[in-house]
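Worksheet: the structure to be examined is printed underneath.
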Amino acid sequence: MAGELDEYGMVLNLSDVKHVIKREVTSQLDFSYLNEVWPEFAYTLPTTEYLAKVIWDRLAPYLPLVKIQLFEHPELWADYLGNAMEAYLTISTHFSAAHRLASPRLSYEENCEIYGKCARPHGHGHNYHLEVTVKGVIDPRTGMLADLAQLQAVIDDTVVEPFDHTFLNKDIPYFAEVVPTAENIAVHIRDLLHEPIRQLGASLHKVKLIESPNNSAEVYGLVSSTSENAAAVALPQLATV
Ligand code: NI
């Protein structure tokens, strides 16, 4: 929700908000069989993304909504921003890999100057957490913006399985020349996933790669399949790796 701060320092009175959410949503859904609890689900199945949309519709008359974020479990969630049948679905996953930050075109001294400890010759490892967000239009019958099993399979087959337990610099050909910083890994994952996700009828919205508790990178989807040179936005939160 969003709004101006009032004289009491609040956007909204939190107990009023909780009361509305309980009255309009949670008390009705809790311990219910979703397919039968609301008439919205008689035709369109209650997927996470469609449930988020319907919760928005039911709360919007009472609350200044900006976004509904609904977690099916900690590794799958939907975001709905109030735009007709458009929604976002995020799958969270992880892989473990080693890398060395050093350009083959620079001397060891130059690489140490730029990349610090990350340039040490034999590499080091990370447990990478990956969040892939796709955007699409909810199908009015299935309630899905993309087939979840196929989406999961694309991410597993294209990224997780090939990257897991590798030395990125040596095992992934792309990183023979490109230094595998978190930003560059995120860009490469974006480029690998763009077309397979498009073939599922959705579009890749965002790749977030969390390399360590200290740093992560976010890259947004290509504008269209033809704009190979569309700008990538990488947002390292902290440069120390
Ligand atoms: Ni590192």
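The values are calculated or read from the model by the stated rules, or taken from the named source; none is laboratory data. A quick note: this is a predicted structure, and the numbers were derived from the prediction, not measured. All Cβ positions, even for glycine, are placed from backbone atoms using ideal geometry, and neighbour counts span all protein chains on display.
Being in contact (Cβ under 8 Å) with a residue 40 or more places away in the chain and in a loop (DSSP other than H, G, I, E, B) is the filter; apply it to the range 173-217 and report the residue that is farthest from Gln152 (Cα to Cα).
So, considering only residues that are in contact (Cβ under 8 Å) with a residue 40 or more places away in the chain and in a loop (DSSP other than H, G, I, E, B), the one farthest from Gln152 (Cα to Cα) is Glu177.
If Ser212 meets every condition in (1) within 16 Å of the ligand (Cβ to nearest atom); (2) at pLDDT 95 or above; (3) in contact with a helix residue (DSSP H, G or I) (Cβ under 7 Å, 6 or more places away or on another chain) apart from one, which number is that one?
It is condition (3) that Ser212 fails.
Within 13 Å of the ligand (Cβ to nearest atom) and of a type in the set (Lys, Arg): which single residue out of Arg120, Arg141 fits that description?
Details: Arg141 fails: within 13 Å of the ligand (Cβ to nearest atom).
Unique residue meeting the criteria: Arg120.
Could you pull out every one of the helices (runs of 4 or more DSSP H) wholly within the range 8-65 that has 2 or more residues that are without any contact (Cβ under 8 Å) to a residue 24 or more places away in the chain and either of a type in the set (A, V, I, L, M) or surrounded by fewer than 13 Cβ atoms within 10 Å (Cβ to Cβ) (or both)? Before the answer, list the steps.
Numbers: elements: 14-21, 34-37, 48-59.
Correct list: 14-21, 34-37.
State all residues of the range 173-182 that are within 23 Å of the chain's Cα centre (by Cα) and more than 15 Å from the ligand (Cβ to nearest atom); if no residue qualifies, say none.
Tyr174
Any idea which of (1) in the same structural domain as Gln199 (by TED's automatic domain parsing); (2) touching a Phe, Trp or Tyr at 6+ places or on another chain (Cβ under 8 Å); (3) surrounded by 18 or more Cβ atoms within 10 Å (Cβ to Cβ) is the one Leu70 doesn't satisfy?
Of the numbered conditions (1) in the same structural domain as Gln199 (by TED's automatic domain parsing); (2) touching a Phe, Trp or Tyr at 6+ places or on another chain (Cβ under 8 Å); (3) surrounded by 18 or more Cβ atoms within 10 Å (Cβ to Cβ), the odd one out for Leu70 is (1).
Give Thr158, Thr181, Thr166 a once-over and let me know the one that is at pLDDT 95 or above, among the hydroxyl-bearing types (Ser, Thr, Tyr) and touching a helix residue (DSSP H, G or I) at 6+ places or on another chain (Cβ under 6 Å). Working first, answer last.
Details: Thr181 fails: touching a helix residue (DSSP H, G or I) at 6+ places or on another chain (Cβ under 6 Å); Thr166 fails: touching a helix residue (DSSP H, G or I) at 6+ places or on another chain (Cβ under 6 Å).
Step by step, each of Thr158, Thr181, Thr166 is checked, and only Thr158 is at pLDDT 95 or above, among the hydroxyl-bearing types (Ser, Thr, Tyr) and touching a helix residue (DSSP H, G or I) at 6+ places or on another chain (Cβ under 6 Å).
With buried (at least 18 other Cβ atoms within 10 Å of the Cβ) and within 16 Å of the ligand (Cβ to nearest atom) as the only criterion, which of Ala87, Ala102 stands out?
Working: Ala87 fails: within 16 Å of the ligand (Cβ to nearest atom).
When all the criteria are applied, what remains is Ala102.
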